[in-house]
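Scroll down for the structure; my scribbles are underneath it.
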Amino acid sequence: MAATKKTASKKFVEPRVKVVNGQYKVSGNFHRIIPNTPIYNEKNKLCGVTNPRELTHIHSYGGEAIFFESVPKGKLMGAQCVNPDCEFPGTIWIPFRSCCADCLTRNKPVDITKVAQETGTVHSFMVTERTGAFNTLEIPIKFINVEFTHPNIDTILMGYLSYGEPEIGMRVVPIFKKKNPTFTITDLSWVPLGTPKSKLPKDFSF
Amino acid sequence: MITFSKEQLKIPKMSRDVYLVTAGESEFRRAFPEKRQEELAIDALTMAAELIGTTPAKLKKFIHTCYYGYFADHFGDQLLGEAVIHDRLGLDPLGNVGIKTGGATGGSALWEAVKAVASGYSDCTLALGWERMDEVPTDEGNNYIACAADKDWETPMGHIYTGYYAVMAQRYWQIFGKSEPSFRETMAKIAVKNRGYAIHNPFAQGPMKITVKDVLESPIVAYPLRALDCCLMSVGSACCIVADKKTAYKLTDDPLLVHVGAGSHSLRVADRRDMQIPLLPHETKEQYADLGKRFPGGDRYPGFSGFLAARMACHYAYGMAGVKDPTKDLDFVELHDAFTISDIQSYEDVGIRPYGEGRTYVESGDCYVINPKTKKPGKLPANPSGGLIGCMHAVGATGLMQVCECGLHLWKKHADIHGSEARWRSFGKKKPRNWQDLTIKGAKRALAISHAGVGSHVTATIVERPEARLKGGK
Ligand SMILES: [Zn+2]
């Protein structure tokens, strides 16, 4: 137990990862040891124990990294199939995928920011006060599914509305977390067409 | 427009018939602070043995391979949980495998167990499922469930699966329900029915005598869904034993034929591309020609309102069993009522009603054990067990609980099992004074739907009395 205590009281250093020579190089604390505690019933009979833990995972975006890298630069990227022999040549996949789901050839990243700005429309939505643990979005969350008008786009991107009340058919435009980006999908949000700049959430811009 | 090849649409042809020999389930609760998972699995397997007048030890001697379903390692905080359960059930050194298809896990475990028998690899197999959802607080549980959505594109948004699901409900509610108060009431009636049926089920976690008003006044989870529209979060276990004909009749004189079909669709609803509605045997292309006219915005299929995976699972299962029209050929159904609105959506995917007209299955009274309008038996009762809303949703066990419940009716054991004072007492409950026998009298054939989340995996299981086998089945 003494060893556990000593480890637990050590100063916590934020976990960091770099890729060097094709290998992950990690630094800092990827987990913290927290002592467990017993669980009793009302008759003081032992029923079990708690199993606390705190740990950090490492995750590769692989071929999708360009999407998450582009969002803080104010760009919405789709992925286009460039295989002329594909059953559906020219399909633009959004959500971005590294390879075409029909022919499995490598897709080409294409900038679809303009398509989103000019045609983004709410296909469905949901407003919810409930969230799971680790939520970082403001409550209530206004989920929206954004439909685009483009001959090569047949999918409907999920996102969240940062201003106003959603309704089916509403025109929306993308906004991007250009300051303090998280490099996750939450860096991309949407607001109704015509929303003034002053109403955008902190760190976001058109 | 996506199309499917003849090869992809082939109706599966099993090498030999597969029979449901017996099945069992544990009690279901929100939490079992003083029971380990395997104790519940043992409860389920013991019931299965007792149902055919044998002991678990004797029954185990027939089992050749095992198929275990639990949705999330996270919940039990145990990787390779199937090895733990397999050992605790004393089934080593038999080959076994874990099956994971989210909410459809129970159905998928049975799918594998059936194929193993059909292929001849095994003569008798065990499909057993469970879930332990009580060992994290609700918000962390919600996060774990949300981890079954796409981790890069969906989970970071709120870590709340209900939200990803509810956008589909919203679209259906507005397009096909036309946001009408009467449609909202129809949804509520499903919650009243299923929680009411659970009152008569000793295994059930959520029995409640409630009214439509109670549902409409329960707290909003994600509009139009309210708390009483949603399924339960449960702990428990269920199992099925399947076998070839010879082994089945060695174990019981009353085995049932079993057919399972499975379908899938993208994990992210975002990826669902437009296609023509795949038709079931009793449907025509013409009947959907004006769907967009009758329901403006409803012409996109499956869009956000249909579950292609459920439709495909039924395409295969109906083909195998020779079902032409589910309302005529089936005697009752156990559907995956995760939410009242998804229940209505399912009526259409499985062909009980045409697309756009799901609500009429409830409004006509056809879905009740006793039709409240005619006071006569309903045409095709749904979820007499109480379903996911009234009985349980211990994810990996759900699909197997449904098949177990279907079996009880077809074996004419439903009243005995559900009505046994001793069973109620053994669960620390009192058999209700107004207990009703919900047996579907004379039932020969039933359907169970096991469904994952926004529809990534669905299985359709048909169990039927062998003497009532339909012509045209494979
Ligand atoms: Zn392609």
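Some points to look at:
- Of everything listed in (1) away from the ligand (no atom under 16 Å from the Cβ); (2) of a type in the set (S, T, N, Q); (3) without any contact (Cβ under 8 Å) to a residue 40 or more places away in the chain, the single unmet condition for A:THR121 is (3).
Conditions tested, residue by residue: (1) crowded, with 20+ Cβ neighbours inside 10 Å; (2) aliphatic (A, V, I, L, M); (3) within 15 Å of the ligand (Cβ to nearest atom); (4) within 13 Å of chain B (Cβ to nearest Cβ).
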site: A:ARG106; (1), (2), (3), (4): no, no, yes, no
site: A:VAL110; (1), (2), (3), (4): no, yes, yes, no
site: A:VAL115; (1), (2), (3), (4): no, yes, no, no
site: A:MET126; (1), (2), (3), (4): yes, yes, no, yes
site: A:ASN145; (1), (2), (3), (4): yes, no, no, yes
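- Residue that is farthest from A:PRO95 (Cα to Cα), among those in the stretch B:148-201 that are free of Cβ contacts under 8 Å to residues at least 24 places away in the same chain and among the hydrophobic types (A, V, I, L, M, F, W, C): B:VAL192
- Number of positions in the stretch A:87-98 that are within 8 Å of the ligand (Cβ to nearest atom) and surrounded by fewer than 16 Cβ atoms within 10 Å (Cβ to Cβ): 2
- Qualifying residue in the stretch B:95-118 (condition: surrounded by fewer than 17 Cβ atoms within 10 Å (Cβ to Cβ), out of contact with any Ser or Thr (no Cβ under 6 Å at 6 or more places or on another chain) and either over 30 Å from B:LEU267 (Cβ atoms) or among the small types (Gly, Ala, Ser) (or both)): no
- Flag for B:ALA169 being assigned to a loop (DSSP other than H, G, I, E, B), aliphatic (A, V, I, L, M) and within 14 Å of chain A (Cβ to nearest Cβ): no
- Listing of strands (runs of 3 or more DSSP E) fully contained in the stretch B:1-104 that carry 1 or more residues being of a type in the set (Asp, Glu): B:19-25
- Looking across the stretch B:325-351, the residues that are within 13 Å of the chain's Cα centre (by Cα) and aliphatic (A, V, I, L, M) come down to B:VAL333, B:LEU335, B:ALA338, B:VAL350.
- Extreme residue, surrounded by the most Cβ atoms within 10 Å (Cβ to Cβ), among residues of the stretch B:5-22 that are over 24 Å from the mean Cα position of the chain (by Cα) and of a type in the set (Ser, Thr, Tyr): B:SER15
- Residue within the stretch A:156-166 that is farther than 16 Å from A:LEU200 by Cα, more than 8 Å from every other protein chain (Cβ to nearest Cβ), surrounded by fewer than 22 Cβ atoms within 10 Å (Cβ to Cβ) and more than 16 Å from the ligand (Cβ to nearest atom) present: no
- Filtered by the rule that a residue be loosely packed, with under 14 Cβ neighbours inside 10 Å, touching a strand residue (DSSP E or B) at 6+ places or on another chain (Cβ under 8 Å) and closer than 27 Å to B:PRO137 by Cβ, the stretch A:49-74 gives A:VAL49, A:THR50, A:ARG53, A:GLU54, A:LEU55, A:ILE58.
- Some residue of the stretch B:331-340 being part of a helix (DSSP H, G or I), over 20 Å from B:SER385 (Cβ atoms) and touching a Lys or Arg at 6+ places or on another chain (Cβ under 9 Å): no
- Selection from the stretch A:43-93 of residues that are away from every other protein chain (no Cβ under 12 Å), among the β-branched types (Val, Ile, Thr) and farther than 26 Å from A:VAL172 by Cβ: A:THR56, A:ILE58, A:VAL82
- The single residue among B:ASP229, B:ASP337 that is of a type outside the set (Phe, Trp, Tyr) and either over 30 Å from B:ASP134 (Cβ atoms) or within 14 Å of another protein chain (Cβ to nearest Cβ) (or both) turns out to be B:ASP229.
- Answer from B:LYS151, B:LYS189 - the residue that is in a helix (DSSP H, G or I) and either over 23 Å from the mean Cα position of the chain (by Cα) or more than 8 Å from chain A (Cβ to nearest Cβ) (or both): B:LYS189
- For the stretch B:250-271, the criterion of being within 14 Å of chain A (Cβ to nearest Cβ), buried (at least 24 other Cβ atoms within 10 Å of the Cβ), at pLDDT 95 or above and under 20 Å from the mean Cα position of the chain (by Cα) is met by none of the residues.
The values are calculated or read from the model by the stated rules, or taken from the named source; none is laboratory data. Small disclaimer: the values here were computed from a predicted structure and weren't measured. When we count neighbours, we look across all protein chains shown, and the Cβ atoms used for this are built from the backbone with ideal geometry, even at glycine.
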